[in-house]
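Below is one structure, written out as structure tokens; comments come after it.
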Amino acid sequence: MKTQSVRGTYDLYGEAKRKTKQVTRMAESVVEKYGFEEIETPIFEFTEVFARNLGDTSDIVTKEMYCFEDRGGESLTLRPEGTAGAIRAFVSNGMQQNLPLKLYYQGPMFRYERPQKGRQRQFTQFGVELLGADVPQADVEVIAMAYEFLEKLGLQGQVVVEVNSLGDEESRNAYRTKLVEYLRGHYDELSDDSKARLERNPLRILDSKEECDKAIVENAPLYADSLNDKSKEFFKKVLEGLDKLGIKYRINNRLVRGLDYYSHTVFELVTDKLGAQGTVLAGGRYDGLVAQMGGGDVAGIGWACGVERLAMLLDKPIENERPVAIIPVGEDVNDAALEIAQKLRLSGLKVEQGYSGNMKKRMIKANKINARLAVIVGSDELAKGEVVVKNLDNGEQKNVSLKNLAEELK
Ligand code: ATP
Ligand code: MG
């Protein structure tokens, strides 16, 4: 049997797991404060949920999806991202009655990519979707929420907010025409992938990671010059809102995002600490997506973050609470020790008991698990209704009556 995990997948445990948990717990506590509620959707969906809605020339759909046929002959796909499934759930459960609606999700995503630092084949995303709010304040609010979340993780100063506007459909079409004209003039220098994208989805070329494309994109027409008045006004309001909340941002004219469904505001939170995998959180407005999935004219905006990428930026996870170690002196007090441990746990304390060994061995174990106190249970003290409590940091010890034990330990 092969005992290594599949390429691009990892076992998370110990400090690494504590860090990812710290990320998701912080995300939960921040977004719940803004009124977001968790939704859990299946890890696989019908392939068309992704293939039709992420855009048929996106990297995800053309080369990264894990598709398979199940025993009933259905084409299914392991979810590569969270928005399509969340919107599918929104439509199929008739949630249109409750707008505006604020949802968040978390869990594994799957993409067949070339594994490297910060790029895995199974990774975790935490994301939010705000549905039914088509005003710029909504954009400001979700960006502010992302900003607060990263700040609370202690990453202020390490990440920058980059924003751009793709405008409405009219602006997008105007820009598209200009861009195609420009790119046709450089057709021979484009990568093969980009040549193929030129007719079907030229915007995607702005997002290309190929060096030859990047050089051409450098001088491409600017998106800002193609925005109509309505789109300009919307973007202006978003930026003013960010200014008011004191959120520092950088306008990035080349930011387009990889998926077809975006319009108006797009944004990324970027760090320079993870090399090419610098984007830790990304999102934007997707006003046409719900309609495209048959759910009517419902505006949407959201973001998703890569939990492992964020965890890699944390210096140290929050320390686990230090336990109290219960140490029975001899076989005859084992049962009493077990009972004491259980009572202390029920009173809210974190308690560990060594399962075997003499007192000395158990003391060594207690230090190894970083216990703050040892409760030494001996038969003589027990007869008087007492135990010995030893402070493992300074070695001080004293007798404590069993009645007051929980209080004393707290
Ligand atoms: P990239 O440009 O790095 O490929 P993307 O545009 O494909 O990113 P999104 O689809 O926007 O990424 O996903 C949102 C976030 O999820 C990313 O910003 C990143 O933090 C994380 N992410 C995306 N793909 C991976 C992956 N393969 N491994 C780990 N994290 C990922
Ligand atoms: Mg990608």
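The values are calculated or read from the model by the stated rules, or taken from the named source; none is laboratory data. For clarity, every value in this text was computed on a predicted model and none was experimentally measured. Cβ atoms come from the backbone with ideal geometry, glycine included; neighbour counts cover every protein chain shown. For accessibility, only protein heavy atoms count, side chains too; no ligands or nucleic acids. Shrake-Rupley method; radii C 1.70, N 1.55, O 1.52, S 1.80 Å.
How much length, in nm to one decimal, is gained on full extension between residue 218 and residue 244, taken as 0.36 nm per residue of separation minus their Cα-Cα distance? Intermediate results must be reported in sequence, preceding the final value.
Details: separation 26, 0.36 × 26 = 9.36 nm, distance 3.16 nm.
Full extension from residue 218 to residue 244 adds 6.2 nm.
Cα axis of helix 334-346 to longest principal axis of the chain: angle in degrees, 0 to 90, nearest 10?
On a 0 to 90 degree scale, this one is about 40.
For the stretch 324-409, which whole percent of the accessible surface, found with a 1.4 angstrom probe, sits on carbon and sulfur atoms?
Reported share for carbon and sulfur atoms: 48 percent.
Restricting to Cα pairs below 8 Å that are 6+ residues apart, what does the relative contact order work out to for the stretch 324-409? Please round to a whole percent. Mind dumping the intermediate values first?
Numbers: 127 pairs, mean separation 25.6, N = 86.
Relative contact order comes out at 30 percent.
Report, in degrees rounded to the nearest 10, the 0 to 90 angle that the Cα long axis of helix 14-33 makes with the longest principal axis of the chain.
60
Enumerate the amide H contacts of residue 278 below 5 Å, restricted to partners 5 or more residues apart or on another chain; note that Pro and chain-start residues carry no placed amide H.
Result for residue 278 returns nothing.
Just to be sure I understand: with springs between alpha-carbon atoms less than 10 Å apart, which residue in 388, 266, 280 has the highest mean-square fluctuation in the Gaussian network model of the chain?
Highest fluctuation of the listed residues: 388.
Given an 8 Å cut-off on Cα distances and at least 6 residues of separation, report the relative contact order of the chain as a percent.
RCO, the chain: 16 percent.
Just to be sure I understand the model, the point goes 7 Å from the Cα along the line to the Cβ. What's the resulting residue 5 to residue 99 distance in nm?
It works out to 4.0 nm between the two label points.
How far apart, in nm, are two points set 7 Å out from the Cα along the Cα-to-Cβ line at residue 15 and at residue 409?
Computed distance between label sites residue 15 and residue 409 equals 2.8 nm.
Set the Förster radius R0 to 41 Å, insert the Cβ-Cβ distance between residue 360 and residue 318 as r into 1/(1 + (r/R0)^6), and round the FRET efficiency to 0.05.
That gives a FRET efficiency of 0.80.
Go ahead and run the numbers for FRET between residue 184 and residue 156, Cβ-Cβ distance against an R0 of 41 Å, rounding to 0.05.
Efficiency, from the Cβ-Cβ distance: 0.40.
Report the local net charge at residue 121: Lys and Arg +1, Asp and Glu -1, summed over other residues whose C-beta lies under 15 Å from its C-beta.
+2
Amide H of residue 125 versus every other amide H placed in the peptide plane: which residues, excluding those fewer than 5 positions away on the same chain, fall under 5 Å?
Residues meeting the criterion, in which the H sits 1.01 Å from N, are 107, 109, 307.
With unit charges on the beta carbon (Lys/Arg positive, Asp/Glu negative), name the residue among 265, 95, 4 whose Cα is farthest towards the positive pole of the charge dipole of the chain.
Positive-end residue among those listed: 4.
Helix-only estimate, please: 222 nm mean residue ellipticity of the chain, summing -39500 (n - 2.57) across DSSP H runs of length 4 or more and dividing by its residues, to the nearest 500.
Value at 222 nm, helices only, nearest 500: -10500 deg cm²/dmol.
Lys and Arg at +1, Asp and Glu at -1: add these up for the other residues within a Cβ distance under 13 Å of residue 301 and post the number. Can you show the working numbers first?
Values: positive: 102, 257, 285; negative: 129, 134, 139, 141, 287.
So the surrounding residues net to -2.
Run the dipole for the stretch 324-409 about the Cα centre, Lys and Arg Cβ at +1, Asp and Glu Cβ at -1, nothing else charged, and hand back the magnitude in debye, nearest 20.
Numbers: 13 positive and 12 negative charges, 76 e Å.
Dipole size: approximately 360 debye.
Could you provide, to the nearest whole Å², the per residue accessible area of the stretch 324-409 with probe 1.4 Å? Intermediate values should be presented prior to the final figure.
Working: 5160 Å² over 86 residues.
Using a 1.4 Å probe on heavy atoms only, each residue of the stretch 324-409 averages 60 Å².
Under the 0.36 nm per residue contour assumption, what length would be gained going from the current alpha-carbon distance of residue 38 and residue 332 to full extension?
Taking 0.36 nm per residue and subtracting the Cα distance, the gain is 100.9 nm.
Work from the charge dipole of the stretch 127-215 (Cβ charges, +1 for Lys and Arg, -1 for Asp and Glu, about the Cα centre) and give the residue of 131, 194, 153 farthest towards its positive end.
Result: 194, furthest along the dipole toward the positive end.
Of 268, 40, 308, which has the largest mean-square fluctuation in a 10 Å C-alpha GNM of the chain?
So, out of 268, 40, 308, the one fluctuating most is 40.
Could you give me the percent of Cα pairs per 10 Å distance bin for the chain, shortest bin first, beginning at zero and ending with the bin that holds the maximum distance?
All Cα pairs, binned at 10 Å, distribute as 4, 18, 24, 20, 12, 10, 7, 3, 1, 0 percent.
Which FRET efficiency value, to the nearest 0.05, do you get for residue 398 and residue 367 by plugging their Cβ-Cβ distance into 1/(1 + (r/R0)^6) with R0 = 22 Å?
0.70
For a 24 Å ceiling on Cα separation, which of these pairs sit above it: 117/214; 316/361; 63/232; 17/117; 19/248; 152/244?
Too far apart for the 24 Å limit: 316/361; 63/232; 19/248.
Run the accessible area of the stretch 130-240 with a 1.4 Å probe and give the carbon-and-sulfur part as a rounded percent.
That fraction is 47 percent.
Roughly how many Å² is the accessible area per residue of the stretch 1-97, as a whole number, for a 1.4 Å probe? Show your work: numbers first, answer last.
Values: 5780 Å² over 97 residues.
Value for the stretch 1-97: 60 Å² per residue.
Enter the Cα centre distance for the pair the stretch 107-139 and the stretch 164-203, rounded to the nearest angstrom.
Taking the Cα centre of each part, the stretch 107-139 and the stretch 164-203 sit 25 Å apart.
Just the number please: accessible area per residue for the stretch 147-208, 1.4 Å probe, all protein chains included, in Å².
Counting only protein heavy atoms, the per-residue value for the stretch 147-208 is 47 Å².
Have a look at 89, 311, 282 and tell me which one the Gaussian network model of the chain (Cα, springs below 10 Å) gives the largest fluctuation.
Among 89, 311, 282, the largest mean-square fluctuation in the Gaussian network model of the chain belongs to 89.
I'd like the GluC sites (Glu not before Pro) in the stretch 321-410 restricted to DSSP loop residues with at most 10 other Cβ atoms within 10 Å, sorted by number.
For GluC sites (Glu not before Pro) across the stretch 321-410 that sit outside H, G, I, E and B with at most 10 neighbouring Cβ atoms in 10 Å, the list reads 321, 396.
When the dipole is taken about the Cα centre of the chain, and only Lys, Arg (+1) and Asp, Glu (-1) are charged at their Cβ, what size is it in debye, to the nearest 20?
Details: 58 positive and 64 negative charges, 282 e Å.
It works out to roughly 1360 debye.
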